[in-house]
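Following: one structure in structure tokens, then a few remarks.
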Amino acid sequence: MSENIENKEKSEIERIVDLDRMGRSGTALDIVASETECAALAKRFGFLGLSGFGARATVDVQIGGQVVVEGRLRGKIVQACVLSLEPVTQILDDTFRIVFKKDLAEEFDPESGEAVLNAQADAPEPLIGNMLDVGEIVAEQLALMADPYPRRAGVKLEDVLPKPKGGPRRAPAGQPRHPFAGLAALRDKPRRGR
């Protein structure tokens, strides 16, 4: 999740901070997404809608070269229910903290060539250069905070599955249904061509 802007496409909500020009006390940003930026982010992440999206973030350079980005993200996401496809609203109001470190080389799996993720909660992310796109960091946090399986209240899987024709099959009265009864019927069925 390196926020190197040199080799990236422009973010939908780009807010660039030059780390070399930042004062010792760091910097604070109030990010308020416009309607156009909200629509672009909603399209990017597959939301039905996004409104009131914004964040208050601080960027601090610490001794040892670590850059800490902290903030609070707020907004309202509308997504499609995974079962019924009806709109489901999620109100966001959550904090985030990301640590970056300059000149931290990404580790790659020798077999697959893919980047290896560090499982430690506060492990630093690599940072190349002196420019940080805080808007993209906020956009990525939006994607992480969104419910991956939005579900409308009260909707059950049985409500959306097709109903069997002719009603459910039941065992004759007084006789328990054996779980392999269908297989037994196939076993006893005469075969053609023998």
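Where a number appears in this text, it was derived from the coordinates with a stated rule and is not lab data. Being a predicted model, the structure only gives us computed values, none of them experimental. A quick note on method: Cβ atoms are made from the backbone with ideal geometry, for glycine too, and the neighbour counts reach across all protein chains shown.
Shown is the FRET efficiency for MET22 and CYS81, computed with R0 = 41 Å from the Cβ-Cβ distance and rounded to the nearest 0.05: 0.40.
The amide H of CYS81, built 1.01 Å from its N in the peptide plane, has GLU86, VAL88 as neighbours under 5 Å, considering only residues 5 or more places off or on other chains. Couplings 3J(HN,Hα) of segment 123-128, computed from phi: 5, x, 9, x, 10, 10 Hz, in residue order, whole Hz [Karplus 6.51 cos²θ - 1.76 cosθ + 1.60, θ = phi - 60°; x for Gly and Pro]. Using the alpha carbons alone, the radius of gyration of segment 16-145 stands to its Kirkwood radius in an Rg to Rh ratio of 1.03. In terms of distances greater than 30 angstrom between alpha carbons, the cross-link table entries LYS76/LYS156; LYS10/LYS76; LYS43/LYS163 yield LYS43/LYS163.
Between the beta carbons of LYS101 and VAL160, assuming R0 = 41 Å, the FRET efficiency works out to 0.30 to the nearest 0.05.
Taking amide hydrogens as placed 1.01 Å from N in the peptide plane, the amide H of GLY26 sits under 5 Å from those of VAL61, each at least 5 positions away in sequence or on another chain.
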